[in-house]
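Inspection log for the structure reproduced underneath, given as structure tokens.
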Amino acid sequence: MRKLFLILALLITICLAVTIKSFQPTARAGAAYAAKALCSGVFVSGLDAERVAAEEYEGLDKAFSMMKRIIDLDEEFVETSMLGLAKARAKYDPAKGCTLLHKDGGSSSQAIAIDSMDRGNFQPLPTSNQNPAALKEALDFGFTETGKGMPLNTRAIVVVKNGAVVAERYTDGIGPDTPLKGWSMNKTITGLLIGTLIDNGKLKLDGPAPVKAWSEDGDPRRAISIRHLMQMRSGLGFDESYNSMTSDAIKMLFLSPSASAYAEQSKLAHEPGIHWEYSSGTSNILAAIVGDQAEAQGQSITEYMWDVLLKPAGVTTAFLELDQGGDFVGSSYGYMGAHDWARLGMLMLRKGQGPGGAHIITPEWIQFMTEPNGITNGVYGGQTWLNAGVDQGADWTYKGVPSDMFYMSGHDGQFVVVIPSRDLVIVRLGESMYQNTNKHLGKLMRKILKGVE
């Protein structure tokens, strides 16, 4: 009998060990997700930790409610622990925002002069007296929960018509200058940064993408161009799914010290140029190219982004966050106030013209980013979403919205919508767990269009 008990104990131990080992990547990713969300939410957005936890991750899975956390306000870091199986740490830097730290990631030290960023010198956008009841109705709709058990958590809506704010509303504790996350809206920022290098002759749109990992003779990835990367036609295999803690997107963002290095090791799944597939990895490869070009000019990526794009556009609240490898995580990690998100929308609306009248980016590049890529039925351009596709009937998400609309789109309901024919920019930011956020946005836009017209 004693021998049987020993065998059973050994089997139980083995089963537990196997279970723990199989769950560990999930626990690591979960801990990292929470650490990053808390760090940026508390130190970048200035929000209460309990609010960040409740709105940004505790509703995703019951396991998150058991997350242990340490928030050190003096040393400015967050440490989380998931069920005792995995720990994660994110550190705040006043110039660069929050960075997830990995034991095997080394360190990236880029001393940045904060006063060179104009952060803290926020100037609100001009306002207009136009605020009809129809716009109030639209804002009421945008902030009203659906009652379907999946909260919208709308944080900010700003409507800019003819260069002036005609309507805006914020939830408690948030204002026009509160830095809020953009998630994949940062892909469009990455595309704009690439445009500055194309405009200056540092990169060629149809030349081979300058990626060192692909430079060996015979590497088929040498056929990938900047155009292919911009239009998500690289052909690289990359699992973008978010419902698996072992997908490429999750591993890249939360388990890898360098997002670009992870993405660059992807193998070709299709010939470059013939297949479209949305990929955060592609955007991080582009962001690393920007960083390499900045370094070649004697600048850090942070300095370059502020010098060529953010400051000229009038942005003062941005935190475009870096990974441990020192690259801007151009797929996901950028925060700024709602008015500054609107400023970037206005920059694109004005075909690259900044608030001073000078062109920050050429009209030709904005045209490239906002024209159909030829392979997605008009719904995608260059790191930017479009509404130029064929109307798909009564259930079409953006039915009734002008076809010249283009937009930045991010997870959890982040949107910057630009409608040139109406001289209109709409910003919507939130922490939405509502599954039909896009349809909700379509209804919101139709109500706003009715209000401004």
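The values are calculated or read from the model by the stated rules, or taken from the named source; none is laboratory data. None of the values given here were measured: they were computed from a predicted structure. So basically every Cβ, Gly included, is an ideal-geometry build from the backbone, and we count neighbours across all protein chains shown.
Observations on the structure shown:
- F406 being surrounded by 23 or more Cβ atoms within 10 Å (Cβ to Cβ), within 20 Å of Q383 (Cα to Cα) and free of Cβ contacts under 8 Å to residues at least 60 places away in the same chain: yes
- Residue match in segment 125-135 (condition: modelled with pLDDT of 95 or more, exposed (fewer than 13 other Cβ atoms within 10 Å of the Cβ) and not assigned by TED's automatic domain parsing to the domain that holds P312): yes
- Elements of the type helices (runs of 4 or more DSSP H) sitting completely within segment 175-277 and holding at least 2 residues that are polar (S, T, N, Q): these cover 186-199.
- Which numbered condition T370 fails, given (1) touching a Phe, Trp or Tyr at 6+ places or on another chain (Cβ under 8 Å); (2) modelled with pLDDT under 95: (2)
- Per the listing V401, V390, the residue uniquely crowded, with 16+ Cβ neighbours inside 10 Å, of a type in the set (V, I, T) and modelled with pLDDT under 95 is V401.
- Selected residue (criterion: surrounded by the most Cβ atoms within 10 Å (Cβ to Cβ)) from residues of segment 269-293 that are in contact with a Lys or Arg (Cβ under 6 Å, 6 or more places away or on another chain) and at negative phi: S283
- Top-ranked residue in segment 24-56 [being touching a Gly at 6+ places or on another chain (Cβ under 8 Å) and among the charged types (D, E, K, R); ranked as surrounded by the fewest Cβ atoms within 10 Å (Cβ to Cβ)]: D48
A quick yes/no check of all residues on (1) in a loop (DSSP other than H, G, I, E, B); (2) farther than 23 Å from P176 by Cα; (3) among the acidic types (D, E):
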{"position": "M305", "(1), (2), (3)": "no, no, no"}
{"position": "P312", "(1), (2), (3)": "yes, no, no"}
{"position": "T316", "(1), (2), (3)": "yes, no, no"}
{"position": "G325", "(1), (2), (3)": "yes, yes, no"}
{"position": "S332", "(1), (2), (3)": "yes, no, no"}
{"position": "D340", "(1), (2), (3)": "no, no, yes"}
{"position": "W365", "(1), (2), (3)": "no, yes, no"}
{"position": "I375", "(1), (2), (3)": "yes, yes, no"}
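- Test for A263: is it under 19 Å from S184 (Cα atoms), modelled with pLDDT of 95 or more, among the small types (G, A, S) and under 24 Å from the mean Cα position of the chain (by Cα): yes
- Scanning segment 72-87 for residues that are surrounded by fewer than 18 Cβ atoms within 10 Å (Cβ to Cβ) and under 15 Å from F254 (Cα atoms) returns a single hit, K87.
- Within the span defined as segment 315-324, one or more residues are touching a Cys at 6+ places or on another chain (Cβ under 7 Å) and either modelled with pLDDT of 95 or more or charged (D, E, K, R) (or both).
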